[in-house]
Amino acid sequence: MYKVLARKYRPQNFDDFVGQGTIVNTLKRAIEKNKTAYAYIFAGPRGSGKTSMARVFAKALNCEKGPTTNPCNKCEICNEITAGTSLDVIEIDGASNRGIEEIRALRENVNLRPSKARYKIYVIDEVHMLTTEAFNALLKTLEEPPEYVKFIFATTAPEKIPPTIISRCQRFDFKPLTLKEIEKKISEISKKENFKIEKGAISVINEFANGSLRDVLSIVDQLIVFSEGKITIEDVRKLLGIVDEKGIDEILKSIVSKNINQAISSLHKLISEGKDPVLIIEGIIKRLRDILVFKIEDGEKGEIFSYFDKMTTDEILQASSLSIEFKEKLRRETQPILLTEILIFKLVSLIGKETQKEDNLTIFDIVNEEKNKKIDEKEQEKEDKEKKEIDETRDREKTDDIIGNWHIVLKKIKEKSRILEAAIREGKPERFEDGILSISFEENFEFHKKRVDENRKTIEKIISKISGKEVKIETFLKKNSKKSILDDEEVKKIITEFNGQVIERED
């Protein structure tokens with residue numbers, strides 16, 4: 001029967017662990033000096049070896065030849081712990097056994113001595129998921145535990161554990177494995193399992209797995225079946241749906257050039273190839289990071305990075321922050337493609353601003369240039385003022401009926417802020433009475449309503465100015481609306497113009 005790599009190469013001894021040398025050495029010394037604590041916290045990212053370390057530590061303490069830093073993995077107790085069937089090493093999932101009743105049952109069982117082993121060891125995975133009441137009940141056990149009981153708490157979020165619990169435990173922080181450590185381990189396994197893999201492919205897998213050896217091995221398992229003789233970078237990208245840098249660069253180059261049509265077209269090309277919008281945004285985030293690093297290091301950038309020289313550091317940071325924000329939204333929304341299109345629209349407005357070139361001018365050139373500039377500015381300002389007065393007069397005549405001339409209101413708001421206009425456009429002016437304009441939003445446009453509410457004073461000022469009277473606005477959500485975002489005329493236009501398609505997210 002085939003055994004997956006993640007299970008086959010799960011550490012069975014302290015020396016099997018990769019990248020956690022400090023923790024291994026500390027636990028070994030504690031065993032050798034007979035100074036083991038009664039409670040431990042193993043904290044770190046998923047797949048970093050927390051639960052495996054707990055099992056090996058349990059075997060080291062309970063092995064028939066122990067306590068020992070080198071458990072035999074042959075005796076009955078070691079075999080039961082490895083198989084997960086030991087009555088004295090109890091593994092509990094904190095996520096599904098998080099209530100006070102489960103912890104009360106644990107407290108009662110604590111008083112029962114081990115059936116075979118020296119110690120009764122409780123391993124609680126994702127302990128941070130316990131309720132406050134459960135933690136309080138656990139605290140009483142931790143204050144005066146029997147000498148034959150030990151606790152190992154594994155967690156990916158130690159900050160959620162109450163300080164009263166942490167203060168009673170020895171804490172060990174597990175770190176994600178480095179690329180070098182992952183490469184060495186995969187190289188060893190490939191020789192034993194008789195498969196070949198490109199070095200660059202390991203790098204791509206590791207980046208996707210965020211340093212989790214378990215996840216890396218799971219992916220390699222799939223690739224062994226997927227590839228033909230040798231695992232290549234292209235195999236990895238196809239299997240994982242990773243967007244190559246060329247596709248991301250095409251989008252970013254169009255954004256910097258303010259070519260929104262080309263940017264959206266490049267996006268839909270990737271989507272038509274089966275690329276997940278989340279992975280596309282992840283690719284944008286990673287590429288922006290690469291651009292920032294090259295910009296800071298100021299080294300040999302090559303053709304592609306030179307193209308992005310016009311981007312300022314601040315623009316790159318803002319674009320990265322915005323992309324991360326949209327990536328999180330994508331995990332909650334049901335219209336991922338539309339949301340990704342909105343992100344690109346926002347990035348176009350943020351990135352690619354034209355920069356002024358400085359020439360080597362003499363002081364006389366600069367004085368004359370400034371003098372001429374001021375004259376030109378005054379003339380332009382005079383013309384603009386006259387044009388503005390004419391336009392405002394025309395608009396005021398047209399906006400006696402604010403609702404009937406809502407398009408004029410939207411036009412003026414757009415001149416102030418394209419993002420704000422995009423938000424209020426999703427609203428509908430319902431009535432204008434006693435100087436108050438009521439604007440409704442469908443339930444699925446609560447985000448747009450919030451944006452309008454945050455900018456209420458700006459909108460009121462614009463409407464009041466073009467209508468010649470003081471106007472206040474109020475917004476409200478229409479309840480029980482069945483209208484879909486896909487019914488919106490603007491959304492229909494976007495989908496039609498860019499040959500878009502709707503992909504529903506599967507929860």
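The values are calculated or read from the model by the stated rules, or taken from the named source; none is laboratory data. Fair warning: this is a prediction, and the values are worked out from it, not measured in the lab. With ideal geometry, Cβ positions are generated from the backbone for all residues, glycine too; neighbour counts draw on all protein chains shown.
Residue pairs whose Cβ atoms lie under 9 Å apart, sitting 6 or more positions apart in sequence or on different chains, and linking a residue in the stretch 296-315 that is more than 16 Å from Leu252 (Cβ to Cβ) to a partner that is at pLDDT 75 or above and exposed (fewer than 11 other Cβ atoms within 10 Å of the Cβ), do not occur here.
Is it true that some residue in the stretch 307-317 is under 30 Å from Phe445 (Cβ atoms), aliphatic (A, V, I, L, M), buried (at least 18 other Cβ atoms within 10 Å of the Cβ) and at pLDDT 85 or above? No. Just so you know, in the stretch 61-89 the residues that are polar (S, T, N, Q) and not in a loop (DSSP other than H, G, I, E, B) include one that is nearest to the chain's Cα centre (by Cα), and it is Thr82. Only residues that are free of Cβ contacts under 8 Å to residues at least 12 places away in the same chain, more than 34 Å from the chain's Cα centre (by Cα) and part of a loop (DSSP other than H, G, I, E, B) were counted in the stretch 1-50, giving 4. The single condition among (1) crowded, with 19+ Cβ neighbours inside 10 Å; (2) hydrophobic (A, V, I, L, M, F, W, C); (3) not in a strand (DSSP E or B) that Leu112 does not satisfy is (1).
What about Glu91, is it among the acidic types (Asp, Glu), within 19 Å of Ala43 (Cα to Cα) and either crowded, with 18+ Cβ neighbours inside 10 Å or outside the structural domain of Lys50 (by TED's automatic domain parsing) (or both)? Judged against the criteria, Glu91 is a match. Restricting attention to the stretch 169-181, the residues that are in contact (Cβ under 8 Å) with a residue 40 or more places away in the chain and out of contact with any strand residue (DSSP E or B) (no Cβ under 6 Å at 6 or more places or on another chain) total 6.
Would you be able to say whether some residue in the stretch 66-79 is on the phi > 0 side of the Ramachandran plot and surrounded by fewer than 17 Cβ atoms within 10 Å (Cβ to Cβ)?
Looking for residues that are on the phi > 0 side of the Ramachandran plot and surrounded by fewer than 17 Cβ atoms within 10 Å (Cβ to Cβ), one finds at least one in the stretch 66-79, hence yes.
The sole residue among Ala43, Ala83, Ala39, Ala60 that is of a type in the set (Gly, Ala, Ser) and touching an Asp or Glu at 6+ places or on another chain (Cβ under 6 Å) is Ala43.
Among the residues of the stretch 190-223, those that are polar (S, T, N, Q) and closer than 13 Å to Val4 by Cβ comprise Ser218, Gln222. Of all residue pairs spaced 6 or more apart or on separate chains, those with beta-carbon atoms under 8 Å, a first member in the stretch 125-150 that is assigned to a strand (DSSP E or B) and a second member that is at pLDDT below 90 and among the small types (Gly, Ala, Ser) are Asp125/Gly94; Asp125/Ala95. Looking across the stretch 334-346, the residues that are over 20 Å from Val256 (Cβ atoms) and surrounded by 17 or more Cβ atoms within 10 Å (Cβ to Cβ) come down to Gln335, Pro336, Ile337, Leu338, Leu339. Looking at the stretch 203-217, which of the residues that are surrounded by 21 or more Cβ atoms within 10 Å (Cβ to Cβ) and within 15 Å of Leu239 (Cα to Cα) is modelled with the lowest pLDDT? If we take residues in the stretch 203-217 being surrounded by 21 or more Cβ atoms within 10 Å (Cβ to Cβ) and within 15 Å of Leu239 (Cα to Cα), then Ala209 is modelled with the lowest pLDDT. Scanning the stretch 225-263 for residues being assigned to a helix (DSSP H, G or I), among the aliphatic types (A, V, I, L, M) and touching a residue at least 24 places away in the same chain (Cβ under 8 Å) gives a total of 10. Which one is surrounded by the fewest Cβ atoms within 10 Å (Cβ to Cβ), of the residues in the stretch 401-439 that are touching a residue at least 60 places away in the same chain (Cβ under 8 Å) and touching a strand residue (DSSP E or B) at 6+ places or on another chain (Cβ under 9 Å)? Here the residue is Ile402.
One residue alone among Val278, Val225, Val220 is surrounded by 15 or more Cβ atoms within 10 Å (Cβ to Cβ) and not assigned by TED's automatic domain parsing to the domain that holds Thr334, and that residue is Val220.
Number of residues in the stretch 185-202 that are surrounded by fewer than 15 Cβ atoms within 10 Å (Cβ to Cβ), more than 25 Å from the chain's Cα centre (by Cα) and not in a loop (DSSP other than H, G, I, E, B): the value is 7. Determine whether Ala54 is among the aliphatic types (A, V, I, L, M), assigned by TED's automatic domain parsing to the domain that holds Pro146 and touching a residue at least 40 places away in the same chain (Cβ under 8 Å). Against the criterion (among the aliphatic types (A, V, I, L, M), assigned by TED's automatic domain parsing to the domain that holds Pro146 and touching a residue at least 40 places away in the same chain (Cβ under 8 Å)), Ala54 qualifies.
Considering only the stretch 129-144, I want to know if a residue exists there that is touching a Gly at 6+ places or on another chain (Cβ under 8 Å) and hydroxyl-bearing (Ser, Thr, Tyr).
Checking the stretch 129-144: at least one residue is touching a Gly at 6+ places or on another chain (Cβ under 8 Å) and hydroxyl-bearing (Ser, Thr, Tyr).
There is at least one residue in the stretch 467-480 that is acidic (Asp, Glu) and modelled with pLDDT of 80 or more.
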